[in-house]
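Notes follow once the structure below has been shown.
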Amino acid sequence: MEYLLPYQINLLNLREETKEIDYQIDDQFFAAVESPEVTQGSLKTHLLIKKMADGSFELTLSTKGTVKLICDRCLDEMDQEIDTENTLKVKWGTEYSEDDDTITISEREGKVDVSSFIYQYIMLDIPIKHVHAPGKCNAEMMKRYKHLAVRRIEGEEAELLGDEEDDGTGEGVQTDPRWSELLKLKK
(Lines give C-alpha, C1' and ligand atoms only; values in the text may rest on other atoms or scores of the structure.)
Protein backbone atom coordinates (compact mmCIF):
# COMPACT_ATOMS: atom_id res chain seq x y z
CA MET A 1 0.00 0.00 0.00
CA GLU A 2 1.25 3.49 -0.85
CA TYR A 3 0.70 4.78 2.67
CA LEU A 4 3.46 2.49 3.96
CA LEU A 5 6.10 3.49 1.38
CA PRO A 6 7.88 5.90 3.79
CA TYR A 7 8.40 2.95 6.12
CA GLN A 8 10.55 1.21 3.47
CA ILE A 9 14.15 2.12 4.40
CA ASN A 10 16.73 1.68 1.64
CA LEU A 11 19.93 0.87 3.51
CA LEU A 12 22.03 0.72 0.32
CA ASN A 13 21.60 4.47 -0.19
CA LEU A 14 22.45 5.38 3.40
CA ARG A 15 25.57 7.54 3.29
CA GLU A 16 25.66 8.96 6.83
CA GLU A 17 26.83 7.09 9.93
CA THR A 18 23.49 7.85 11.60
CA LYS A 19 20.09 8.82 10.25
CA GLU A 20 16.97 9.83 12.14
CA ILE A 21 13.39 9.58 10.88
CA ASP A 22 10.17 10.53 12.69
CA TYR A 23 6.82 8.92 11.93
CA GLN A 24 3.32 9.96 12.98
CA ILE A 25 1.29 6.81 13.71
CA ASP A 26 -2.45 7.36 13.32
CA ASP A 27 -5.67 5.60 12.30
CA GLN A 28 -4.46 5.38 8.69
CA PHE A 29 -1.39 3.43 9.81
CA PHE A 30 -3.50 0.84 11.64
CA ALA A 31 -5.76 0.51 8.59
CA ALA A 32 -2.74 0.09 6.29
CA VAL A 33 -1.23 -2.70 8.41
CA GLU A 34 -4.70 -4.28 8.66
CA SER A 35 -4.74 -4.30 12.45
CA PRO A 36 -7.70 -6.31 13.80
CA GLU A 37 -7.20 -5.26 17.44
CA VAL A 38 -6.25 -1.58 17.27
CA THR A 39 -7.88 0.73 14.76
CA GLN A 40 -7.28 4.12 16.36
CA GLY A 41 -4.29 5.78 17.91
CA SER A 42 -2.04 8.78 18.01
CA LEU A 43 1.63 7.96 18.45
CA LYS A 44 5.03 9.19 17.40
CA THR A 45 7.85 6.87 16.44
CA HIS A 46 11.45 8.01 16.31
CA LEU A 47 13.74 5.79 14.23
CA LEU A 48 17.50 6.05 14.73
CA ILE A 49 19.62 4.15 12.20
CA LYS A 50 23.30 3.60 13.03
CA LYS A 51 25.72 2.19 10.49
CA MET A 52 28.07 -0.17 12.35
CA ALA A 53 31.75 -0.81 11.59
CA ASP A 54 31.06 -4.39 10.43
CA GLY A 55 28.61 -3.18 7.74
CA SER A 56 25.47 -4.04 9.70
CA PHE A 57 22.91 -1.54 10.95
CA GLU A 58 21.33 -0.92 14.32
CA LEU A 59 17.77 0.39 14.24
CA THR A 60 16.32 1.87 17.44
CA LEU A 61 12.56 2.41 17.39
CA SER A 62 11.09 4.60 20.15
CA THR A 63 7.29 4.88 20.15
CA LYS A 64 5.16 7.00 22.49
CA GLY A 65 1.48 7.93 22.48
CA THR A 66 -1.92 6.33 23.00
CA VAL A 67 -4.08 3.77 21.26
CA LYS A 68 -7.83 3.29 21.67
CA LEU A 69 -8.97 -0.07 22.99
CA ILE A 70 -12.20 -1.52 24.28
CA CYS A 71 -12.32 -1.99 28.06
CA ASP A 72 -12.77 -5.67 28.88
CA ARG A 73 -14.95 -4.79 31.85
CA CYS A 74 -17.40 -2.08 30.71
CA LEU A 75 -16.96 -2.27 26.89
CA ASP A 76 -16.37 1.51 26.56
CA GLU A 77 -13.43 2.91 24.64
CA MET A 78 -10.34 3.63 26.65
CA ASP A 79 -6.95 5.19 25.99
CA GLN A 80 -3.95 2.95 26.53
CA GLU A 81 -0.57 4.63 26.94
CA ILE A 82 2.25 3.24 24.81
CA ASP A 83 5.90 3.92 25.61
CA THR A 84 8.30 1.45 24.08
CA GLU A 85 11.88 1.40 22.81
CA ASN A 86 13.29 -1.53 20.87
CA THR A 87 16.47 -2.23 18.94
CA LEU A 88 16.88 -4.29 15.77
CA LYS A 89 20.09 -5.38 14.12
CA VAL A 90 20.04 -5.58 10.33
CA LYS A 91 22.73 -7.49 8.49
CA TRP A 92 23.36 -8.48 4.89
CA GLY A 93 22.75 -11.98 3.57
CA THR A 94 21.51 -13.89 0.55
CA GLU A 95 17.82 -13.91 1.51
CA TYR A 96 15.44 -12.31 3.99
CA SER A 97 15.12 -13.86 7.44
CA GLU A 98 14.23 -12.84 11.00
CA ASP A 99 15.83 -14.25 14.15
CA ASP A 100 14.78 -12.64 17.45
CA ASP A 101 16.04 -9.05 17.12
CA THR A 102 18.21 -9.65 14.05
CA ILE A 103 17.03 -9.27 10.46
CA THR A 104 18.95 -10.52 7.47
CA ILE A 105 18.17 -8.79 4.18
CA SER A 106 19.29 -9.48 0.65
CA GLU A 107 22.07 -7.23 -0.62
CA ARG A 108 20.22 -7.03 -3.95
CA GLU A 109 17.05 -5.72 -2.28
CA GLY A 110 18.70 -3.52 0.35
CA LYS A 111 15.40 -2.44 1.92
CA VAL A 112 13.82 -3.10 5.28
CA ASP A 113 10.15 -2.39 6.08
CA VAL A 114 9.94 -0.96 9.61
CA SER A 115 6.11 -0.64 9.63
CA SER A 116 5.60 -4.24 10.70
CA PHE A 117 8.14 -3.85 13.52
CA ILE A 118 6.56 -0.61 14.74
CA TYR A 119 3.19 -2.37 14.78
CA GLN A 120 4.58 -5.44 16.60
CA TYR A 121 6.27 -3.31 19.26
CA ILE A 122 3.07 -1.33 19.86
CA MET A 123 1.08 -4.56 20.23
CA LEU A 124 3.67 -6.03 22.61
CA ASP A 125 3.40 -2.95 24.85
CA ILE A 126 -0.38 -3.36 25.28
CA PRO A 127 -1.30 -5.26 28.46
CA ILE A 128 -3.26 -8.50 28.08
CA LYS A 129 -6.08 -7.16 30.25
CA HIS A 130 -7.62 -3.91 28.93
CA VAL A 131 -9.40 -2.15 31.79
CA HIS A 132 -10.01 1.43 32.83
CA ALA A 133 -8.34 2.79 35.93
CA PRO A 134 -10.39 2.08 39.09
CA GLY A 135 -13.57 4.15 39.11
CA LYS A 136 -13.33 5.13 35.44
CA CYS A 137 -15.53 2.38 33.96
CA ASN A 138 -19.01 3.21 32.65
CA ALA A 139 -21.18 3.32 35.80
CA GLU A 140 -24.32 2.02 34.05
CA MET A 141 -22.46 -0.92 32.56
CA MET A 142 -20.84 -1.76 35.91
CA LYS A 143 -24.31 -1.77 37.50
CA ARG A 144 -25.47 -4.24 34.85
CA TYR A 145 -22.32 -6.30 35.30
CA LYS A 146 -22.98 -6.63 39.03
CA HIS A 147 -26.58 -7.55 38.31
CA LEU A 148 -25.41 -10.32 35.95
CA ALA A 149 -23.16 -11.66 38.69
CA VAL A 150 -26.40 -12.76 40.38
CA ARG A 151 -27.40 -16.26 39.35
CA ARG A 152 -29.81 -19.04 40.27
CA ILE A 153 -28.44 -22.38 41.37
CA GLU A 154 -30.80 -25.33 41.12
CA GLY A 155 -33.96 -23.48 42.18
CA GLU A 156 -32.37 -21.76 45.20
CA GLU A 157 -32.83 -18.06 45.86
CA ALA A 158 -30.75 -15.65 43.77
CA GLU A 159 -27.28 -15.27 45.19
CA LEU A 160 -24.50 -12.82 44.63
CA LEU A 161 -21.01 -14.11 44.12
CA GLY A 162 -19.20 -11.94 46.63
CA ASP A 163 -20.29 -9.60 49.40
CA GLU A 164 -23.86 -8.63 50.27
CA GLU A 165 -24.99 -5.65 48.22
CA ASP A 166 -28.10 -3.55 47.67
CA ASP A 167 -30.05 -4.74 44.63
CA GLY A 168 -32.26 -1.64 44.47
CA THR A 169 -35.26 -3.23 46.28
CA GLY A 170 -34.06 -2.16 49.70
CA GLU A 171 -33.80 -5.77 50.84
CA GLY A 172 -30.30 -6.48 49.62
CA VAL A 173 -29.10 -9.70 48.08
CA GLN A 174 -28.26 -12.53 50.42
CA THR A 175 -24.79 -14.02 50.27
CA ASP A 176 -24.57 -17.75 49.75
CA PRO A 177 -24.07 -19.27 53.24
CA ARG A 178 -21.22 -21.40 51.91
CA TRP A 179 -19.19 -18.22 51.42
CA SER A 180 -19.80 -17.21 55.05
CA GLU A 181 -18.42 -20.56 56.23
CA LEU A 182 -15.35 -20.15 54.03
CA LEU A 183 -14.77 -16.65 55.40
CA LYS A 184 -14.77 -18.07 58.94
CA LEU A 185 -11.85 -20.33 57.94
CA LYS A 186 -9.94 -17.27 56.77
CA LYS A 187 -10.10 -15.72 60.25
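The values are calculated or read from the model by the stated rules, or taken from the named source; none is laboratory data. The model shown is predicted, which means the values in this text are computed figures rather than measured ones. Note that we place each Cβ from the backbone using ideal geometry, even for glycine, and neighbour counts take in every protein chain shown. The area values use the complete protein model at the heavy-atom level, side chains included, leaving out ligands, DNA and RNA. Shrake-Rupley method; radii C 1.70, N 1.55, O 1.52, S 1.80 Å.
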### Task
Quick one: of Lys64/Lys89; Lys19/Lys44; Lys68/Lys143; Lys68/Lys111; Lys64/Lys146, which pairs are farther than 28 Å apart, Cα to Cα?
Lys68/Lys111; Lys64/Lys146
## Note on the structure
Cα extents of the stretch 1-46 per principal axis, largest first, Å, are 37, 20, 14
### Query
Between Lys89 and Ile126, what FRET efficiency follows from the Cβ-Cβ distance if R0 is 22 Å, with the result rounded to 0.05?
0.35
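Among 87-93, 122-128, how do they line up by average Cβ neighbours within 10 Å per residue, starting with the highest?
87-93, 122-128
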### Query
Can you give the three extents of the C-alpha atoms in the stretch 21-85 along their principal axes, from longest to shortest, in whole Å?
53, 21, 16
### Query
Looking at the stretch 1-151, what % of its DSSP beta bridges pair antiparallel, to the nearest 5?
90
## Note on the structure
The extension gain from Asp76 to Tyr3, computed as 0.36 nm times the residue separation minus the Cα-Cα distance, is 23.3 nm
### Probe 1.4 Å, all protein chains present, accessible-area order of Arg178, Arg108, largest first
Arg108, Arg178
### Summary
Of the accessible area of the stretch 21-134, computed with a 1.4 Å probe and all protein chains kept, carbon and sulfur make up a percent value of 46
